[in-house]
Structures are given as structure tokens and as C-alpha cells.
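Below is one structure, written out as C-alpha cells; comments come after it.
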Amino acid sequence: MVGAHLTGYLSDKLTRQFADGIQDDTRNWRQWQTPLQKQIGVHFVFYGFLNVVIYWIATGRKESPETMAQQTIEIIKNLA
């Protein structure tokens, strides 16, 4: 996927699915009020996560999935 440069295709399709999936989800960590904020939020969150996954794959998956998840959660916690 990474070497074949298919990440653009994958990210476009998955971003739409992600946006549809959270459309009615009103979790308290998301304070997106306007349609523009929602679009920015979806793209920011999804593309950030996708880039973490691509980085992990491109570097040979040296870390376990559990380590990557735990470290990603720690990063997200420290964004606030």
C-alpha cells in the first residue's frame, strides 16, 4: 500500500466512512459546533491517525500494535 502510493485512495474512502460513522456521535471530548468545525475535526483526527498507521507500516512495524495504541493515546491526552 505505502510503496504503491495507494494511501490517497485509501484515505479518501476511509475519511468519508469515518465522517459518516461519527456524524451522530456526541461524545463530550468533541466540541465541534459548526459544519466547518466538524469537517476540520474529522480530517484532522482521521488523517493524523492514518499517518500514524502509515508510519508504523513504513518503518517495518517494529513496535507492537499495543505499544502503538498506548503511545498514540498518550500523545492525544497531551494535546489538550
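Scanning region 34-69 for residues that are exposed (fewer than 12 other Cβ atoms within 10 Å of the Cβ) and not aliphatic (A, V, I, L, M) gives T34, P35, F44, Y55, T59, G60, R61, K62, S64, P65, E66, T67. Considering region 1-22, and only residues there that are outside any helix (DSSP H, G or I) and surrounded by 10 or more Cβ atoms within 10 Å (Cβ to Cβ), the residue that is modelled with the highest pLDDT turns out to be L6.
Picking from residues in region 29-45 that are in a helix (DSSP H, G or I) and among the β-branched types (V, I, T), the one that is nearest to the chain's Cα centre (by Cα) is V45. If the condition is being more than 16 Å from the chain's Cα centre (by Cα) and either more than 21 Å from T7 (Cα to Cα) or touching a residue at least 12 places away in the same chain (Cβ under 8 Å) (or both), then region 46-62 contributes only A58. Contact annotation: residue pairs with Cβ atoms under 9 Å, 6 or more positions apart or on different chains, pairing a residue in region 8-25 that is under 14 Å from Q39 (Cβ atoms) with a partner that is at pLDDT below 75, are I22/R30.
The values are calculated or read from the model by the stated rules, or taken from the named source; none is laboratory data. This is a predicted model, so every value here is computed, not measured. Cβ: placed from backbone, ideal geometry, glycine included. Neighbour counts: every protein chain shown.
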